[in-house]
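Here is the structure we will look at.
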């Protein structure tokens with residue numbers, strides 16, 4: 001193997017691993033954590049290059065790659081920590097969403113119990129029917145709002161956010177209307193519980209706006 005050929009082989013190996021590193025780091029900036037970290041492979045490649053140079057008595061050149069190995073070992077450690085943080089964030093988000101989901105379930109259960117209690121003291125059948133109809137309409141509004149959110153969040157996971165209309169403002173309007181309707185039929189406690197839901201979707205709306213700004217700049 002001639003020196004020129006050896007240099008070409010080494011240069012090609014370096015170009016390949018550096019391109020892999022750049023592509024990976026660009027993907028991570030876009031939150032594509034499903035990609036496998038290439039740093040262990042890159043470290044092995046640089047170790048191999050270093051050994052190849054030593055085998056051909058290019059010891060001075062080989063020393064240069066000690067720094068490259070160390071550089072990507074540090075990158076690997078940071079990547080591991082970043083992925084740990086990402087997992088913790090996702091778990092926390094799931095816990096928050098589960099908390100709000102449970103609050104909605106508790107609200108509905110409380111309303112149903114309240115309705116059952118009031119059925120025992122209502123004197124007029126017509127008034128009872130009106131209240132049942134009102135509660136059914138309210139529950140349908142809540143179901144529709146949650147369905148809108150789930151369908152939208154399912155679509156944005158496919159990276160189509162700029163092609164979709166954000167439903168959170170509409171959902172907030174629905175919950176504010178539900179809150180008023182709860183108050184109008186005397187369910188003040190249930191109405192106050194919806195403040196958390198409104199705040200939850202206000203936060204979602206702000207995050208959505210920031211995400212759209214980021215996507216628009218890409």
Exercise. Which of the residues spanning region 22-61 are touching a helix residue (DSSP H, G or I) at 6+ places or on another chain (Cβ under 6 Å) and in contact (Cβ under 8 Å) with a residue 40 or more places away in the chain?
Worked result: 33, 37, 39, 53
For this session: Quick one: count up the residues across region 31-60 that are surrounded by 10 or more Cβ atoms within 10 Å (Cβ to Cβ), within 29 Å of residue 215 (Cα to Cα) and at pLDDT 85 or above.
Result: 3
Exercise. Across region 179-217, which residue is surrounded by the most Cβ atoms within 10 Å (Cβ to Cβ) among those that are assigned to a loop (DSSP other than H, G, I, E, B) and in contact with a helix residue (DSSP H, G or I) (Cβ under 7 Å, 6 or more places away or on another chain)?
Worked result: 187
For this session: Looking only at region 65-72, decide whether some residue is farther than 26 Å from residue 215 by Cα and not in a helix (DSSP H, G or I).
Result: no
Problem set entry | Test: residue in region 164-172 that is in a helix (DSSP H, G or I) and crowded, with 20+ Cβ neighbours inside 10 Å | yes
For this session: Sort through 82, 76 and tell me the only one that's touching a helix residue (DSSP H, G or I) at 6+ places or on another chain (Cβ under 6 Å) and within 30 Å of residue 215 (Cβ to Cβ).
Result: 76
Problem set entry | Pick from region 157-178, criterion touching a helix residue (DSSP H, G or I) at 6+ places or on another chain (Cβ under 8 Å) and farther than 21 Å from residue 140 by Cβ, ranking: modelled with the highest pLDDT | 166
Exercise. Looking only at region 61-73, which residues are surrounded by 11 or more Cβ atoms within 10 Å (Cβ to Cβ) and within 26 Å of residue 37 (Cβ to Cβ)?
Worked result: 62, 64, 65, 66, 68, 69, 70, 71, 72, 73
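The values are calculated or read from the model by the stated rules, or taken from the named source; none is laboratory data. The model shown is predicted, which means the values in this text are computed figures rather than measured ones. Neighbour counts are summed over all protein chains in view; Cβ atoms, including those assigned to glycine, are modelled from backbone coordinates with ideal geometry.
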